[in-house]
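Read the structure below first, then the notes.
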Amino acid sequence: MRRCERGPAPELLARDGAELARRYVTNRLTNPAYRFQWGASRLGVVREALERMTDERCSYCDGYPIAATGEESVDHFRPKSRAEFYELVCTWTNLFLTCTACNKAKQDQWDEALLCPDDSSYAFERYFEYRFDTGELQPSASASPDDQTRASRTIEIFDLNRAGACISRRRTVKRLRGRTSDSDDDLDDLDYRYLLPLCPVKSA
Ligand SMILES: [Zn+2]
């Protein structure tokens, strides 16, 4: 997970969000099978705003490209399927761009301990360590017990140590470690960008 900076809410959410949420709450309470749909034009606007926040990376694993389409690419951090969070269905700060793998792992799980990438106190190094041998993330040994619990729950809920992510992280590290100061690798397509500070550029 990499820290990101949230921009202002898209105008349509600021304008219509409260009314859309009110309708969702009413529909959901009368029909538990009711499913929220953004609608193509709204989804496009929301997704674009979320993409700007993470440079099109997954908010949780920083995977790129994110391999998620449609509704599944917008995650409700506090799940919209839980009655206590119904009213947050269109709340800008509850929405994150996600990849298919993180979205499927999380589903409607919720834990107050979950780390949030746009939290101003969040930093990868504060909570996590990267294992160069396996490509796995683990709670930082120097973190407080509370922070270690939060890191561990975050790894678990988003399944951040799934095989595909570990392989991709090892590939990213190999690429970063192969760079020298005269490399012309501009890293525009880099995934798992929290690994960048761990792999300083070698002098040519
Ligand atoms: Zn992801």
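Any read-out appearing in this document is the output of simple, stated calculations on the displayed coordinates, not a laboratory observation. Computed from a prediction, not measured in an experiment: that's the story for all the values here. Positions of Cβ are generated from backbone atoms using ideal geometry, with glycine treated the same way; all protein chains shown enter the neighbour counts.
List of remarks:
- C-alpha long axis of helix 40-54 to longest principal axis of the chain, angle in °: 30
- Residues whose placed amide H lies under 5 Å from that of residue 129, excluding near-sequence neighbours: 138, 140
- Computed over neighbours whose Cβ is under 11 Å from that of residue 135, the net charge equals +4, Lys and Arg +1, Asp and Glu -1.
- Calculated log₁₀ intensity ratio I(q)/I(0) where the Debye formula runs over C-alpha points of the range 99-181, q = 0.13 Å⁻¹: -0.46
- If R0 is 45 Å, the Cβ-Cβ spacing of residue 185 and residue 82 corresponds to a FRET efficiency of close to 0.55.
- Helix 145-158 and the longest principal axis of the Cα set of the chain meet at an angle near 70°.
- Angle in degrees between helix 163-177 and the longest Cα principal axis of the chain, rounded to the nearest 10: 40
- The equivalent ellipsoid that matches the C-alpha gyration tensor of the chain spans semi-axes of 33, 19, 14 angstrom, in descending order.
- Fully extending the segment from residue 67 to residue 43 would add 7.0 nm, taking 0.36 nm per residue of separation and subtracting the current Cα-Cα distance.
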